[in-house]
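First comes the structure, then the notes that go with it.
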Amino acid sequence: MMFIGIDISKKKIDLSWLRDQLTNKIKTKVFKNKRQDFLVIEKWLLNTTKSAVSGLVITLEPTGVYHEALMYFLHEQGFNIILANPGKAKKYADALNIIHKTDKSDATMLAHYGCAKHAVVNYWQPEALAIRELKALIRRLDALESNRQREANRLEASEFSNVSARVCQSIEVTIAFLDDEIKQLKSDIDNHIDNELI
């Protein structure tokens, strides 16, 4: 097996191939975090390591949503993926005495982590599409309900200050829109559960 660590941010992807575990010999490359570069990343991984997809273990950490597109792409191509728990990966880095933190060193640490853990962890498997869609709908509902609460708080605060009638009207219109969208999303969630999950 060959081990690749990937550190992902909003704008870039740092790859580190652990060429030799004993000498810590590595080869690194930086790509933009853009979908159109994913095929280039795949080609670089295969050409540089001279390995088949099944012989590569790629380790990365969750970074908000920025890791998801590449992770799903690599999984669809057949790569072995380890999604490292950030707390455990940090403890591993501390054990290796990695003090100077850069994106490149994080990617290298993740390659080492994958090498150390690949035999005892399960490779990452995506959730079913219906579950991912349900989670996205619920996240959106939560966001809208938070926005609605903020607008309701603004409306309440406007009763105690000299806010113009136009501002109050704008808040009320926004609340009405949010109420409609929340109602529709709740209906969509119910339909999704009934039609996709039962």
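Take the residues in the range 1-23 that are free of Cβ contacts under 8 Å to residues at least 40 places away in the same chain and open to solvent by 80 Å² or more (accessible area, probe 1.4 Å); name whichever of them is farthest from Thr49 (Cα to Cα). The selected residue is Lys11.
Do the conditions hold for Ser54, that is, is it among the hydroxyl-bearing types (Ser, Thr, Tyr) and in contact with a Gly (Cβ under 9 Å, 6 or more places away or on another chain)? Considered against the rule, which asks whether it is among the hydroxyl-bearing types (Ser, Thr, Tyr) and in contact with a Gly (Cβ under 9 Å, 6 or more places away or on another chain), Ser54 comes out as yes. State whether the residues of the range 37-44 include one that is surrounded by 14 or more Cβ atoms within 10 Å (Cβ to Cβ), acidic (Asp, Glu) and more than 19 Å from Val121 (Cβ to Cβ). Within the range 37-44, one or more residues are surrounded by 14 or more Cβ atoms within 10 Å (Cβ to Cβ), acidic (Asp, Glu) and more than 19 Å from Val121 (Cβ to Cβ).
With respect to the conditions (1) out of contact with any strand residue (DSSP E or B) (no Cβ under 7 Å at 6 or more places or on another chain); (2) within 16 Å of His118 (Cα to Cα), Ile82 falls short on a single one, namely (1).
The C-beta contact set for the range 145-160 (first residue in contact (Cβ under 8 Å) with a residue 12 or more places away in the chain and among the hydrophobic types (A, V, I, L, M, F, W, C), second residue surrounded by 11 or more Cβ atoms within 10 Å (Cβ to Cβ) and assigned to a helix (DSSP H, G or I), distance under 7 angstrom, 6+ apart or interchain) comprises Ala152/Ile175; Leu155/Cys168; Leu155/Ile171; Leu155/Glu172; Leu155/Ile175.
Let's see how each residue does on (1) at positive phi; (2) in contact with a Pro (Cβ under 7 Å, 6 or more places away or on another chain); (3) part of a loop (DSSP other than H, G, I, E, B); (4) among the polar types (S, T, N, Q):
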site: Ile6; (1), (2), (3), (4): no, no, no, no
site: Leu15; (1), (2), (3), (4): no, no, no, no
site: Leu18; (1), (2), (3), (4): no, no, no, no
site: Thr23; (1), (2), (3), (4): no, no, yes, yes
site: Phe31; (1), (2), (3), (4): no, no, no, no
site: Lys43; (1), (2), (3), (4): no, no, no, no
site: Leu46; (1), (2), (3), (4): no, no, no, no
site: Ser54; (1), (2), (3), (4): no, no, no, yes
site: Ile58; (1), (2), (3), (4): no, no, no, no
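Taking the range 81-198 and the helices (runs of 4 or more DSSP H) fully enclosed by it, the elements with 3 or more residues that are open to solvent by less than 40 Å² (accessible area, probe 1.4 Å) and more than 30 Å from Ile58 (Cβ to Cβ) are at 129-158, 165-192. The test for being under 37 Å from the mean Cα position of the chain (by Cα), aliphatic (A, V, I, L, M) and at pLDDT below 90 holds for Ile198.
The values are calculated or read from the model by the stated rules, or taken from the named source; none is laboratory data. The structure displayed is predicted, hence computed values, not measured ones. Cβ sites come from the backbone with ideal geometry, for glycine too, and all protein chains shown count toward neighbours. Ligands, DNA and RNA are excluded from the accessible area calculation, which covers all protein heavy atoms including side chains. Shrake-Rupley method; radii C 1.70, N 1.55, O 1.52, S 1.80 Å.
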